[in-house]
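Enquirer: Here it is, the structure, as structure tokens.
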Amino acid sequence: MKKQKKYMPEMIIAVMLIGSFLLGGCSGTELTEADKNSSPITSGADAENRTDDSAAEGLPEGTDSRLELHFIDVGQGDATLISCDGYHMLIDAGNNDKGTAVWSYLKQQGVERLDYVIGTHPDADHIGGLDVVLYKFDCGTVIMPEVENDTRTYEDVVQVLEEKDYPVTCPVVGETYSLGEASFTVIAPNKDYGTDMNDSSVGILLEHGDNRFLLTGDAEEEAEADILANGIDISADVYKAGHHGSKTASTEEFLNAVNPEYAVISCGEGNSYGHPHAEVLNRFRSMGIDVFRTDEQGTIVAVSDGREITWNCTPSESWQAGEPMGSSAGQNTDNWKDGQQTEDSSKDGQDQSENVPGGNEAQEEASGSDTEITVYITKSGEKYHRADCSYLKSDVEKISLSEAKQRGYEPCKKCQPPIE
Ligand SMILES: [Zn+2]
Ligand SMILES: [Zn+2]
């Protein structure tokens with residue numbers, strides 16, 4: 001049952017057909033009724049799949065609308081394509097080296113224009129690939145939080161925004177936008193979190209007929225509490241697990257309010273953070289939530305007809321917490337924040353630093369201190385690396401990850417050092 005990939009070919013055809021109906025000239029702001037009504041929403045495959053009793057309860061009489069969420073497998077990071085009735089929205093675009101892959105996935109799906117682009121927060125695993133996407137597609141409303149990051153990754157995005165003359169729309173909690181027959185409401189950020197990138201994440205609640213989807217980026221405990229406090233009903237059928245299934249998010253109180261039937265975790269196989277964490281998986285399991293995971297199942301697609309939600313694969317049944325792999329230097333990086341260590345990850349950290357063939361200085365550094373991760377740079381290079389990266393030659397300098405980021409170094413694409 002687990003790791004089963006059942007891609008429905010008719011679904012892919014339908015997406016391509018929908019893509020070919022794209023309307024030009026959308027302002028990217030809220031669509032007018034006329035826009036919505038003129039939007040062609042049927043496709044052969046879609047119509048065939050419908051039965052008479054699906055005269056959608058959740059959507060106005062006679063409406064034939066289809067919403068798709070593609071949780072694109074971008075390794076450790078996020079990239080979610082949301083398409084409804086020929087309108088498209090992208091939330092995040094994975095890491096720096098994933099921009100082209102996200103772009104080509106979108107092209108495959110028939111996307112010609114993005115009506116909305118949301119960069120949830122300026123961390124590289126979310127906005128890294130965004131410069132490519134913003135550059136290659138005609139984009140409507142671009143929503144990003146009012147927080148800047150002192151990295152080249154962020155500067156690249158800002159540069160493309162300027163080049164293409166795209167204004168940035170700041171997220172305002174409670175504001176609602178239309179995407180075909182679907183609509184989404186901004187639910188976060190609820191305040192200024194200073195330089196805390198994760199808590200600054202743009203969160204949205206997406207609605208399509210009876211179906212509700214909650215996506216909160218990397219929002220952690222404090223931001224979740226603020227979402228709860230703002231009073232918006234966040235109950236949802238599908239919850240995209242906050243912060244890649246980290247225990248710094250998906251608190252019990254928050255999950256109780258969302259009370260989802262399904263959770264989707266976007267994370268990379270063997271990622272250095274140990275995402276998803278066992279605590280979160282246990283919470284999901286005890287609440288009877290079906291879990292989908294990009295690290296096990298690749299790209300995950302959910303389809304809503306306004307009443308029911310169908311998936312391209314069956315839920316994962318592994319309940320396997322992410323275990324940091326051998327050469328990882330930053331497995332406990334989540335702990336710098338809450339000052340705690342999980343039993344399993346601290347044990348793993350020690351085991352692994354002994355077991356890694358050839359040893360790993362960065363690893364030892366990391367397990368020696370909960371607060372700093374060491375990475376490696378060279379005088380002439382623009383990237384930072386793991387200790388054992390083959391791109392590292394002479395003149396190697398050891399610095400902390402935070403300093404590397406501050407000085408504008410990008411993670412090396414070959415050794416993929418920790419990014420947060
Ligand atoms: Zn992230
Ligand atoms: Zn983040």
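Enquirer: Which three lengths, in whole Å and largest first, does the range 156-214 cover when its Cα atoms are put on their principal axes?
Expert: 39, 28, 15
Enquirer: How many nm is it between the label spots at T310 and S402, if each spot is 7 Å from the Cα in line with the beta carbon?
Expert: 5.0
Enquirer: Can you run phi through the Karplus equation (6.51, -1.76, 1.60; θ = phi - 60°) for the range 182-189 and list ³J(HN,Hα) in whole Hz, with x for Gly and Pro?
Expert: With coefficients 6.51, -1.76 and 1.60, one gets 8, 8, 9, 10, 6, 10, 7, x Hz.
Enquirer: I need the phi-derived Karplus couplings for the range 125-130: 6.51 cos²θ - 1.76 cosθ + 1.60, θ = phi - 60°, integer Hz, Gly and Pro marked x.
Expert: Whole-Hz 3J(HN,Hα) from phi for the range 125-130: 6, 10, 9, x, x, 5.
Enquirer: Let me ask something else about it. Which cross-chain or sequence-distant (5 or more) residues have an amide H under 5 Å from the amide H of E410, H modelled 1.01 Å from N in plane?
Expert: K383, Y384
Enquirer: With no solvent and one point on each alpha carbon, what is the Debye value of log10 I(q)/I(0) for the range 83-219 at q = 0.12, 0.16, 0.18 Å⁻¹?
Expert: Rounded to two decimals, the profile gives -0.43, -0.78, -1.00.
Enquirer: Highest mean first, what order results for 273-284, 75-86 on Cβ atoms within 10 Å? The partial results should precede the final answer.
Expert: Details: 273-284: 23.0, 75-86: 25.7.
Averaged packing, sorted descending, gives the order 75-86, 273-284.
Enquirer: Relative to the Cα centre, what is the charge dipole magnitude of the range 193-330, using +1 at the beta carbon of each Lys and Arg, -1 at the beta carbon of each Asp and Glu, and rounding to the nearest 20 debye?
Expert: 280
All of the numbers you see were taken from the coordinates with simple rules; none came from a lab. From a predicted model like this one, the values you see are computed outputs, not experimental measurements. Heads up, the Cβs are rebuilt from the backbone with ideal geometry, glycines too, and the neighbour counts pull from every protein chain shown.
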